[in-house]
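Structure first, then comments.
Any read-out appearing in this document is the output of simple, stated calculations on the displayed coordinates, not a laboratory observation. Just so you know, these numbers come straight off a predicted model, no measurement behind them. Don't worry about glycine lacking a Cβ; one is built from the backbone with ideal geometry, like all the others, and counts go over all protein chains shown.
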Amino acid sequence: MIPLPPLQGLFEERQGEPVPMPPALAALYGELRFPHHAPRPYVIANFVTTLDGVVSLGLPGQSGGGEISGNNPHDRLVMGILRAVADAVVVGAGTLRAVPRHRWTAEYIFPEMAAEYRALRAHLGLAAAPITVIVTAHGELDLSLPVFQGGESPVLVVTTERGAEVLRARPLPPSVEIATVRSGPLVSAREILEAIPPRPSGGLILVEGGPVLLGAFFAERCLDELFLTLAPQVAGRENGLYRPGLIAGRSFAPADPRWGRLVSVKLAGSHLFLRYAWETTA
Ligand SMILES: NC(=O)c1ccc[n+]([C@@H]2O[C@H](COP(=O)([O-])OP(=O)(O)OC[C@H]3O[C@@H](n4cnc5c(N)ncnc54)[C@H](OP(=O)(O)O)[C@@H]3O)[C@@H](O)[C@H]2O)c1
C-alpha cells in the first residue's frame, strides 16, 4: 500500500450498484457506481484541465496530461481505476502522437496499484487489459510504437477506407486489427462504438480523448459521463499556439448547448475530481 491519502468525497449522487473494488482501491477512492445501462455500453470520458481550461500545453515533449495535472498521483489513481473497469479505451491519433510511448492500461498509468487493478478486472470477468481503440482518419500511424508492438493489450484501429488502405500497405503487428467504417472524411462516434465488440452486460467504454475525438462524442450525444480533474494551475494561451480546451473543432453553445449534471465531487489537496452526466441519444 502506498502512502497516499484517500480522496475526500464532497458530493455523490448514488445510482446503480457499487463496483466491487479491492479494499485498497475502495479505501483510496471511496465508492464507485455506474447507473444501470445494459444492453448498451456506458460511455465515459476522462480528462484533466487547468483552471483556465487547457488540456494540452502544445509544446513538443510536454503536451501530455501529466504536464496538466502535475503528474498528480490521485489523478493517475483515478485514470487507473477507470481503465481497470473498461472494456475498451478510445484514443485519437493526435493524442497517440503527443504521447507516443504511452500504453492505455491501468498498470501503466499507476503501477503502484497494478495488483489491485488486475484483481478488479478478474473479479469483473474482464480480459487482462482493455482493448486500445485508436481512431484515425488518415491512417498514418507509426506501427513501431509500443502500443502496437508491446502486446499488453489488443489494439483496434478504427479508420476510414482511405486510412485502412494506408495502414494495410505495411505489415500489421499481430495484436492489431483494423475496423473500416466508411469512406467519409471522419469516423462518427457511433461508428466507433459499433466497431468495439459488444458484451451482453453492455460493458463500459472509456474515451481518453483528445479534444477532436471528444467533440464527436458530444456532437452525437454519445457520452454518458465525463470524469474531469481540475488541476490547480493556470497555463495561459498565446496567439498561434495550439492549447486546446476539452473540445476542438466543434462548437455547441449558444445554438445547441450541452448542459451537464453534477454527479460527484472529490478532493485531494488542491485537485478537484468532478464527474458530470449528460442525456444521450444512444
Ligand atoms: N488533458 C487531458 O486530459 C488530455 C486528454 C487527451 C489528450 N490530451 C492532449 O490533447 C492533445 C491532442 O489533441 P488533438 O485534438 O489532436 O487530439 P485527438 O482527438 O486525439 O487527435 C486528433 C486526431 O485523431 C484522429 N481523430 C480524432 N477524431 C476523429 C474522428 N472522429 N474521425 C477520424 N479521426 C479522428 C485524427 O487523426 P488523423 O490525423 O490520423 O486522421 C485527428 O487528426 C495532445 O497534446 C494530448 O496529450 C489531453
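Worth a mention:
- Taking the numbered list (1) within 21 Å of the chain's Cα centre (by Cα); (2) in contact (Cβ under 8 Å) with a residue 40 or more places away in the chain; (3) outside any helix (DSSP H, G or I) in turn, L193 passes all entries but (3).
- For the stretch 151-171, the tally of residues that are farther than 21 Å from P198 by Cα, hydrophobic (A, V, I, L, M, F, W, C) and in contact with a Leu (Cβ under 9 Å, 6 or more places away or on another chain) stands at 2.
- All positions within the stretch 157-187 that are exposed (fewer than 13 other Cβ atoms within 10 Å of the Cβ) and within 17 Å of V212 (Cα to Cα): G184, P185
- Residue that is farthest from P60 (Cα to Cα) [pool: residues in the stretch 89-109 that are within 6 Å of the ligand (Cβ to nearest atom) and of a type outside the set (V, I, T)]: G92
- Answer residue from the stretch 221-272, given it is part of a loop (DSSP other than H, G, I, E, B) and among the aromatic types (F, W, Y) and is nearest to G203 (Cα to Cα) among those: W259
- Look at the stretch 131-150: where a residue is farther than 22 Å from A195 by Cα and a partner is part of a loop (DSSP other than H, G, I, E, B) and within 13 Å of the ligand (Cβ to nearest atom), sitting 6+ places away or on another chain with Cβ atoms under 6 Å, you get L145/P100; P146/R101.
- Checking every residue in the stretch 66-76 against the condition of being acidic (D, E), surrounded by fewer than 22 Cβ atoms within 10 Å (Cβ to Cβ) and near the ligand (Cβ under 9 Å from one of its atoms) gives at least one match.
- Residues of the stretch 1-32 classified as of a type in the set (S, T, N, Q) and surrounded by 14 or more Cβ atoms within 10 Å (Cβ to Cβ), total: 0
- Checked against the criterion of being more than 15 Å from the ligand (Cβ to nearest atom), surrounded by 16 or more Cβ atoms within 10 Å (Cβ to Cβ) and under 29 Å from Y29 (Cα atoms), the stretch 224-233 has at least one qualifying residue.
- Cβ-Cβ distances below 7 Å connect the following pairs, each with a first residue in the stretch 1-28 that is farther than 12 Å from L267 by Cα, a second residue that is surrounded by 11 or more Cβ atoms within 10 Å (Cβ to Cβ) and of a type in the set (V, I, T), and a separation of six or more residues or different chains: E13/V263; V19/V85; L25/I81.
- Condition check for A216 on (1) within 16 Å of the ligand (Cβ to nearest atom); (2) without any contact (Cβ under 8 Å) to a residue 60 or more places away in the chain; (3) over 28 Å from A38 (Cα atoms); (4) hydrophobic (A, V, I, L, M, F, W, C): one failure, at (3).
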